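The values are calculated or read from the model by the stated rules, or taken from the named source; none is laboratory data. Not measured: the values here are computed from a predicted model. Cβ: placed from backbone, ideal geometry, glycine included. Neighbour counts: every protein chain shown. Just the protein is used for accessible areas: all its heavy atoms, side chains included, with ligands, DNA and RNA removed. Shrake-Rupley method; radii C 1.70, N 1.55, O 1.52, S 1.80 Å.
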Amino acid sequence: MANAMTAARGLTGFSFGLGLTELIAPEWISETSGAPLSPGLIRAYGLREIAAGALTSVSPAAGLWSRVAGDALDIGTVLARSRSANRSRIAVTLAMLAGVAALDLWAAMRASQRRRRWW
């Protein structure tokens, strides 16, 4: 369980960092990802990331599950915009999102198991 909690702390920091980047530089996020997304949408996703980080710091299992849901939303958004995008950048973006989603899912499952053991 220590590894899951270490991952949760790291993912909390990642959420805050990514969320701030999405709030401050949405155009850069859109260009780097290869997905033509509106700055307003990227900023909204940034607020979601920050909220997930805050929730994870208070309730790791709930926060991590919110990250998993956010990952699904991110992947769906990128896929929906992929037809009018740079295919190589989209492929890299989707690979990174899938990797983070796998880590989030693993940590969420572990944190949920840990929680059940306490009850």
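Give me the pairs, please: first residue somewhere in the range 69-82 and closer than 17 Å to Pro39 by Cβ and open to solvent by 40 Å² or more (accessible area, probe 1.4 Å), second residue anywhere and outside any helix (DSSP H, G or I) and not small (Gly, Ala, Ser), beta-carbon distance under 7 Å, and either six or more positions apart or on two chains. Every condition considered, the pairs that remain are Arg81/Pro36; Arg81/Leu37.
Limited to the range 90-110, what total is found for residues that are among the charged types (D, E, K, R) and without any contact (Cβ under 8 Å) to a residue 12 or more places away in the chain? Of the residues in the range 90-110, 0 are among the charged types (D, E, K, R) and without any contact (Cβ under 8 Å) to a residue 12 or more places away in the chain. Residue count for the range 83-108 satisfying the condition of being open to solvent by 40 Å² or more (accessible area, probe 1.4 Å) and among the hydroxyl-bearing types (Ser, Thr, Tyr): 2. Count of the range 29-68 residues, restricted to those that are closer than 25 Å to Ser84 by Cα, open to solvent by 40 Å² or more (accessible area, probe 1.4 Å) and touching a residue at least 40 places away in the same chain (Cβ under 8 Å), is 2.
For the range 1-28, what are the residues that are open to solvent by 40 Å² or more (accessible area, probe 1.4 Å), in a helix (DSSP H, G or I), over 24 Å from Ala80 (Cβ atoms) and touching a helix residue (DSSP H, G or I) at 6+ places or on another chain (Cβ under 6 Å)?
Taking the range 1-28 and keeping what is open to solvent by 40 Å² or more (accessible area, probe 1.4 Å), we get 1-3, 6, 9-10, 13-14, 16, 18, 20-21, 23-24, 27-28.
Still in the running and in a helix (DSSP H, G or I): 2-3, 6, 9-10, 13-14, 16, 18, 20-21, 23-24, 27-28.
In the following step, the residues that additionally are over 24 Å from Ala80 (Cβ atoms) were identified as 2-3, 6, 9-10, 13, 16, 20, 24.
Selection gives Phe16 alone.
If you go through the range 5-25 one residue at a time, do you hit one that is at pLDDT 85 or above, hydroxyl-bearing (Ser, Thr, Tyr) and more than 24 Å from Met109 (Cβ to Cβ)? Yes, that holds for at least one residue.
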